[in-house]
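Any read-out appearing in this document is the output of simple, stated calculations on the displayed coordinates, not a laboratory observation. Model, not experiment: these values are computed from the prediction. All Cβ positions, even for glycine, are placed from backbone atoms using ideal geometry, and neighbour counts span all protein chains on display.
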Amino acid sequence: MKNNFIPFVKKESLHLLRDTRTLLIVIFIPVVLIVLFGFAISTEVNNVNVAVVAPKHTEEINNVVNRLAANEYFTFKGYISQTEIDETLRSGKVNAVVVFDSDFDRLVAQISAGVPSPPAIQLILDAADANTAMAATAYLQGVLLGTASLQEMFETRMLFNAQMKSAYNFVPGILGLIIILVCAIMTSVSIVREKEAGTMEVLLVSPVRPVKIMFAKMIPYFVISCIILGVILVLSRYLLDVPMVSGVGGIIAISLIYIALSLALGLLISTFSKTQIAALLFAGMVMIVPILMLSGIMFPIENLPKFFQWISNVIPTRWYIEAIRKLMIQGVPFIAVWKEFAILTGMGIVFMGISLNSFNDKLE
Amino acid sequence: MSDVVISVRELTKKFGNFTAVERISFDVYQGEIFGFIGANGAGKTTAMRMLCGLSYPTSGRGTVAGFDVMSEGEKIKRHIGYMSQRFSLYNDLTVWENINLFAGIYGLSKNETDKRGTELLSKLKFSSERNTLVGSLPLGWKQKLAFSIATVHRPEIVFLDEPTGGVDPLTRRQFWEMIYEAAADGTTIFVTTHYMDEAEYCSRVAIMVDGRVDALDSPAKLKQEFRADSMDEVFRTLARDAKRGD
């Protein structure tokens, strides 16, 4: 009976290939997501509309305003008066207002000389979108400081992502999300579908061991997942210019472990579910929220309350994303992610173990 | 009498407080068509599942093809064929791919598979449907194909769980002809059904009521014993006091 594994893998591959619609969805969704997140959804600050309040038009002030207008991140919307500030921001015409003190030149001179003095510039921002407002503040300060010699006080360098591109941040997150969702969803229906169709009974009366049924089910999905991984990596590298400094070897190695883990998770869901709908709901809906919230895709884990930080430890995506960020963006050698690698391997073995254990060859 | 292939003594299955099968005992001989008759919920399927190694008996003893149902389930599986009441082939695979799969599962070599598969198809007059998806075949054809595939590895015993459910009378006839043919070749057939006319086709019949075997003999003798004209009458006499089923 040693040869009954190959026909089984063949059967599972045929199921997958015959289901063209699902296959297309599974391959195209990652592409769409990567392009969407890479281009459309960005946390970069572009096109900040700025109005200026300048009681006097000194040369110093004109220089600052010219520099502001020349900057690609800002659009200069003209001068307004002190009384118009609130209304202009409220109407949404501008996102930020720069208010120069009437005594601007003297105050700047004082500050440069080290004499304590009141602020020379006031920044008023529409903080309805807090993140954009924060980022715009930082940019504005950078541009405005160019006038004063205060600039020399700081030297800031943005390592690994000098241009602050959001794609660098999103690609590892999306990779982590897509792989676990696609793999878990695809495999979660695979066993329960046979339970529903009645074919599982026939498999269980046959001499095929459950462990073979499980592995045979994983193989074709593993191949598809590898194709998806390849597509995402190529898109990230050549379309979004994500650096992958430390080479793709390490990225692929840890991704393969992560894929295997996700497939095992899908099988686990499948062995516990009674219907395909239940399996799909669990894989698609119940899992997605904790993965999005607690794995560092949307919010940095350090910002979470202690309790959720603790929970995030059991979410595999968290470890995968951490490792991929290090490998892709920071360019550390593979050895530096040994901890994440070990954790993912361990989790994979646990998932596989539990699902094998619960999927026995009895029906009741 | 010829060899005993299934032997069951006091076999019992309990689910919690519910006794699905209560201390049933019988022997099945080689080449026999052994019918298991009963209303829905009488315990037919549960009893059959214990014999196939799909579920462990709560108590009692039994052997199938010479192997113990308690401890040698895996060995039993290699010597039996099985076809369930729900259609059990893969709809998204072709006829030939289904044959190949099940032949492969039972460890048939490539040559044997080709030979058996071709033979099986020509017997069914299905040769032209070789590359048709099973899902697009009419139900009757599917059932006949499923039976052929259940016997592709030439098992000693074939278990059929309500194989003719939902099939038209003509196809049922053809199906029973296939069963006779297999039995004539020496395969033992163990079949559950709730069609009483099918009970007449069996060599011997066990009638299950509320988890117990209440009568066991050939249809002719049962009719004589219960002074009935048909198996239907025999069954109704026995099932009159049944508490379960519909």
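Once the Cβ-Cβ distance between A:Ile6 and A:Ala253 is put in as r, and R0 is 35 Å, what FRET efficiency do you end up with, to the nearest 0.05?
0.85
Using alpha carbon coordinates only, what is the Rg to Rh ratio of the stretch A:50-142, with Rh defined as the Kirkwood radius?
0.96
If each residue's Cβ is checked for other Cβ atoms within 10 Å, how do A:Met298, B:Met231, B:Met48, B:Met70 rank with the fewest at the top?
Least to most surrounded, the residues fall as A:Met298, B:Met70, B:Met48, B:Met231.
As a test, work out the antiparallel percent of DSSP beta bridges whose residues both lie in the protein assembly as shown, rounded to the nearest 5.
50 percent
Please enumerate, by chain and number, the aspartates and glutamates with C-alpha under 14 Å from the C-alpha of B:Lys13, excluding those fewer than 8 residues away in the same chain.
Partners within reach: A:Glu364, B:Glu22, B:Asp210.
Quick one: Kirkwood hydrodynamic radius for chain B, alpha-carbon pairs, angstrom, one decimal?
18.6 Å
Can you give me the relative contact order of the stretch B:33-103 as a percent, contacts being Cα pairs under 8 Å and 6 or more apart?
18 percent
Give me the Å³ per residue figure for the convex hull around the C-alpha atoms of the stretch A:205-364.
136 Å³
Roughly how many debye, to the nearest 20, is the charge dipole of the stretch A:1-137 about its Cα centre, given +1 on each Lys and Arg Cβ, -1 on each Asp and Glu Cβ, and no other charges?
1180 debye
I'd like the projected area of the stretch A:7-90, averaged over all directions, using the convex hull of its alpha carbons. Report it in nm² with one decimal.
Projected area, direction-averaged: 9.6 nm².
Would you calculate the separation in nanometres between label points at B:Asp185 and A:Lys306, each defined as 7 Å from the Cα along the Cα-to-beta-carbon direction?
7.3 nm
Work out the mean other chain Cβ neighbour count within 10 Å for the residues of B:81-92 and drop it here as an integer.
5
Stokes-Einstein at 4 °C, 1.567 mPa s, Kirkwood radius from Cα pairs: D for chain A in µm² s⁻¹?
The estimated diffusion coefficient comes to 54 µm²/s.
What FRET efficiency do you get for A:Ser91 and A:Asn63 if R0 is 30 Å and r is their Cβ-Cβ distance, rounded to the nearest 0.05?
Result of the calculation: an efficiency of 0.55.
Taking the simple approach of a point 7 Å from Cα along Cα-to-Cβ for both B:Glu177 and A:Asn357, what is their distance in nm?
Spacing of the two 7 Å Cα→Cβ label points: 5.4 nm.
Give the average, rounded to an integer, of partner chain Cβ atoms located within 10 angstrom of each Cβ in B:52-58.
The per-residue average across the peptide is 3.
Given a Förster distance of 41 Å, report the FRET efficiency between B:Ala242 and B:Lys123 from their Cβ-Cβ distance, rounded to the nearest 0.05.
In this case the efficiency is close to 0.55.
Let's see if you can work this out: charge +1 on each Lys and Arg Cβ, -1 on each Asp and Glu Cβ, no other charges. What is the dipole magnitude of the stretch B:23-171 about its Cα centre, in debye to the nearest 20?
For this selection, approximately 40 debye.
In peptide A:7-14, what is the residue-averaged number of other protein chain Cβ atoms found within 10 Å of each Cβ?
4
Would you work out which of A:Met347, B:Gly140, A:Leu235 lies farthest towards the positive end of the dipole of the protein assembly as shown, given +1 charges on the beta-carbon of Lys and Arg and -1 on that of Asp and Glu, about the Cα centre?
Among A:Met347, B:Gly140, A:Leu235, the one farthest towards the positive end of the dipole of the protein assembly as shown is B:Gly140.
Could you pull out every one of the lysines with an alpha carbon less than 16 Å from that of B:Lys125, ignoring same-chain neighbours closer than 8 positions?
Here the lysines satisfying the reach criterion relative to B:Lys125 are B:Lys115, B:Lys142, B:Lys144.
Using +1 on the beta carbon of Lys and Arg, -1 on that of Asp and Glu, and nothing else charged, what's the dipole of the protein assembly as shown about the Cα centre, debye to 20?
That gives a dipole near 1220 debye.
Using helices alone, what [θ] at 222 nm do you get for chain A, with -39,500 (n - 2.57) per DSSP H run of 4 or more residues, divided over all residues and rounded to the nearest 500?
-19500 deg cm²/dmol
If the cut-off is a Cα-Cα distance under 26 Å, which lysines reach A:Lys339, setting aside same-chain residues fewer than 8 apart in sequence?
Those lysines meeting the cut-off are A:Lys306, A:Lys326.
Once Lys and Arg get +1 and Asp and Glu get -1 on their Cβ, which of A:Pro210, B:Tyr180, A:Asn303 lies farthest toward the positive end of the dipole of the protein assembly as shown?
The listed residue farthest towards the positive side: B:Tyr180.
Would you please name the GluC sites (Glu not before Pro) within the stretch A:44-122 that are DSSP coil residues with at most 14 other C-beta atoms within 10 Å of their C-beta?
Those that pass, being in a loop and sparsely packed, are A:Glu44, A:Glu72.
Only residues of the stretch B:62-101 count here: report those whose backbone N is under 17 Å from the spot 7 Å along Cα→Cβ of A:Val223, or say none.
What the label zone holds, given the 17 Å backbone N cut-off, is B:93-94, B:97, B:101.
What's the Cα-based Rg to Rh of the protein assembly as shown, Rh via Kirkwood?
Taking Rg over the Kirkwood Rh, I get 1.22.
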